[in-house]
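> Please read through the structure below; I'll follow up with questions.
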Amino acid sequence: MSHVFLYALVGTGLFTLGLYALIVHTHLLRKILAINVMGSGVFLVLVALAARARGAAPDPVPHAMVITGIVVAVSATALALALMVRVRAETGRAELSEERPE
Amino acid sequence: MKKTMNPKSMTESGKIRTPFRLLLMVLLSALAAGLGYAVSTLSSQSPGSGEWVAANLETSGVSNPVTAVLLNFRSYDTLLEMGVLLVALLGVWSLGGIPEQRESSPGPVLDTLSRLLVPVLILVAGYLLWVGAHAPGGAFQAGSVLGAAGVLLLLAGWRLDARFAGLPLRITLTTGLGVFVVVGAVLMLVGRRLLEYPPSFAGALILLIEAAATLSIGMTLAALFLGSRPEAGPDR
Amino acid sequence: MEAVTLLQWAFDAVLGFALLWLAWRALASPDLFLAIVLFIAFGLLMALAWVRLDAPDVALAEAAIGAGLTGALLLAALARLESNNETKAAHEKDHEPEVHD
């Protein structure tokens, strides 16, 4: 066990936390934040596992994948936020609920 | 938050009843425990692909392994990722009609700050782009710094001149993907595989692709921040 | 040597705990503006975590995007939601009698 496993565990924790918030909250902005937290958790696990060989240089392939992932996450977030603003403009609310708006 | 006018939305997170919430907590705790167990039982000595990258680093044209992976060994990732950025921007633009709010004038602090910071940010972007060949940095970092400069300009009330909002803007946005595809296609025409650079030109090709990608990433991120499509047309 | 290792472990533990706590507060705090600010702070701490994991390239990308651009995007979207909110409220007030006919 080295310190990188601590970060990997924190990553799984963040993923679960984000998943919980994604299911429980009804506000769309909160859901977008939750998805971003889930993504950060996955990135943390990837980079932590890349650094697990003690003493050696970390594996650059997961690093490259995470950099790509960060940029994809920000563009997906921008698209999701634009959709949220549009939903608000159309329906007057930015929350999901069980009863359908008439 | 003005929650009072819409009684249906008053309970932001109160829609899910307590038994379901408890069940969810139990299930997710099981998931977290499983994931944690899986992660902690992984072997702590795994070579991964680091050794392979280190062995082939000399042929890649750059000496920073992450840049080598991003733009040489797995450059199709980066190629497709440029496509993802464009598709996201297309999605935002196709939603149209996001009302752009006319803010009041930015005020002296933001105005002066943006005048001071934007040239520095552009300089930093150029530095990151150049240094990415042998030290931490590269197209994504440079592009996002450029995008931050664009966001700062937009916050200070600057808008792209209508002359450039049409075709020139679109050309800039697609340059990154375009240069990537052209380089890949030319390499295939001369008998190599897609994006398989000849080692003697690899450094120059990577710098060319990275420069175009930096410009496109920066512009795309700033355009994503603006949201609505910039108005083209001679009169404003 | 021993003290340095212990200090590093303490730093890692504090950072990991802070990441989880900030994420939790960002997802649970009732005020959306506060949630976004906490999320930006979370992004900055993620950049620190990348440095601890020997990934300076990722740290640079995260510091520029995760902390800067995502925060700007979120705050702009929140501002749009709220300005929309006000026009909607005025609109609903105008038409209130007709709705309840």
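The values are calculated or read from the model by the stated rules, or taken from the named source; none is laboratory data. Quick caveat, the model's predicted, so the values are computed rather than measured. Using ideal geometry, Cβ is built from the backbone for each residue, glycine included, and neighbour counts are taken over all protein chains shown. When the accessible area is computed, the model is the full protein with side chains, heavy atoms only, and any ligands, DNA or RNA have been set aside. Shrake-Rupley method; radii C 1.70, N 1.55, O 1.52, S 1.80 Å.
> Tell me, what HN-Hα J-couplings in whole Hz come from the Karplus equation 6.51 cos²θ - 1.76 cosθ + 1.60 at θ = phi - 60° for each residue of region B:150-156, using x for Gly and Pro?
x, 4, 4, 4, 5, 5, 7
> Please express the shape of region B:137-185 as an equivalent ellipsoid: the semi-axes are the square roots of 5 times the eigenvalues of the C-alpha gyration tensor, given largest first in whole angstrom.
Working: eigenvalues 113, 62, 3 Å².
With the √(5λ) rule applied to region B:137-185, the semi-axes are 24, 18, 4 Å.
> Given labels modelled 7 Å from the Cα in the Cβ direction, how far is it in nm from residue A:83 to residue C:21?
3.5 nm
> Next question. With θ taken as phi - 60° and the coefficients 6.51, -1.76 and 1.60, list the Karplus ³J(HN,Hα) couplings across region B:82-95 in order, rounded to whole Hz; mark glycine and proline as x.
With the stated coefficients, region B:82-95 comes to 4, x, 4, 4, 5, 5, 4, 5, 4, x, 5, 5, 6, 5 Hz.
> Am I reading the C/A interface right? What is its buried accessible area, both sides, 1.4 Å probe, to the nearest 100 Å²? Can you show the working numbers first?
Values: alone 7810 and 7440 Å², together 11610 Å².
Adding both sides of the contact gives about 3600 Å².
> Continuing with the same structure: Inverting the mean 1/r over all pairs of different Cα atoms, compute the Kirkwood radius of the protein assembly as shown and quote it in Å.
23.4 Å
> Could you work out the per residue convex hull volume over the alpha carbons of chain A, in cubic angstrom?
On the way: hull volume 7.8 nm³, N = 102.
Convex hull of Cα atoms, per residue: 77 Å³.
> Follow-up question, since we're still on this one. What three numbers, in Å, describe the spread of the alpha carbons of region C:2-95 along their principal axes, ordered from the longest?
That works out to 72, 25, 11 Å along the principal axes.
> Let me ask something else about it. Given a 1.4 Å probe and every protein chain left where it sits, what share in percent of the accessible area of the protein assembly as shown is carbon and sulfur?
Working: 14820 of 21550 Å².
Carbon plus sulfur share of accessible area: 69 percent.
> Using a 1.4 Å probe on the heavy atoms of the protein chains only, list every residue of region C:36-51 that has 30 Å² or more less accessible area in the complete assembly than in its chain alone.
Residues meeting the cut-off: C:39, C:42, C:46, C:50.
> 222 nm [θ] for chain B, helices only, -39500 (n - 2.57) per DSSP H run of 4+, per residue, to 500? Kindly include the intermediate steps, with their values, before the conclusion.
On the way: 8 runs with 144 residues, N = 236.
Computed ellipticity for chain B at 222 nm equals -20500 deg cm²/dmol.
> So, one more: At 1.4 Å probe size, with every protein chain present, just tell me what the per residue accessible area of region A:3-91 comes to in Å². Working shown, then result.
Numbers: 2580 Å² over 89 residues.
Normalised by residue count, the accessible surface of region A:3-91 is 29 Å².
> Moving to a separate point now. Quick one: grab the alpha carbon gyration tensor of chain B, order the square roots of its eigenvalues as a ≥ b ≥ c, and give me rounded if a/c is under 1.5, else prolate or oblate depending on whether a/b is larger than b/c. It would help to have the intermediate numbers written out before the result.
Working: a/c = 2.03, a/b = 1.10, b/c = 1.85.
It is oblate, given that a/c is not under 1.5 and a/b is not larger than b/c.
> Tell me what chain A gives for mean residue ellipticity at 222 nm when only DSSP H runs of n ≥ 4 count, each as -39,500 (n - 2.57), the sum divided by the residue total, rounded to 500 deg cm²/dmol.
Details: 3 runs with 77 residues, N = 102.
Mean residue ellipticity at 222 nm (helix-derived): -27000 deg cm²/dmol.
> Tell me the total accessible area that B and A bury against each other, 1.4 angstrom probe, in square angstrom rounded to 100.
Details: alone 15530 and 7440 Å², together 18930 Å².
Heavy-atom accessible area buried at this interface is about 4100 Å².
> Using θ = phi - 60° and the Karplus form 6.51 cos²θ - 1.76 cosθ + 1.60, what ³J(HN,Hα) does each residue of region A:25-40 get, whole Hz, x for Gly and Pro?
Once θ is set to phi - 60°, the couplings for region A:25-40 become 7, 9, 6, 5, 4, 5, 5, 5, 4, 5, 5, 5, 5, 4, x, 4 Hz.
> Could you provide, to the nearest whole Å², the per residue accessible area of region C:2-95 with probe 1.4 Å?
Working: 4260 Å² over 94 residues.
Ligands and nucleic acids excluded, the result is 45 Å² per residue.
> If you don't mind, there's one more thing I want to ask. Taking the Cα-to-Cβ direction at residue B:63 and at residue B:185 and moving 7 Å from each Cα, how far apart do the two end points lie in nm?
Here the answer is 3.6 nm between the modelled labels.
> Modelling each spin label as a point 7 Å along the Cα-to-Cβ direction, I'd like the residue B:28/residue B:55 distance in nm, to one decimal.
Between residue B:28 and residue B:55, the simple spin-label model gives 4.4 nm.
> Any chance you could list the semi-axes, whole Å, largest first, of the equivalent ellipsoid that the Cα gyration tensor gives for region B:45-173, using √(5λ)?
Details: eigenvalues 256, 77, 31 Å².
Here the semi-axes work out to 36, 20, 12 Å.
> Need the C-alpha centroid separation for region A:14-30 versus region B:111-179, integer Å.
33 Å
> Also, I was wondering about something else. For all pairs of alpha-carbon atoms in region B:166-224, what percent lies in each bin of width 5 Å, listed from the first bin to the last filled one?
4, 20, 24, 21, 13, 10, 6, 1
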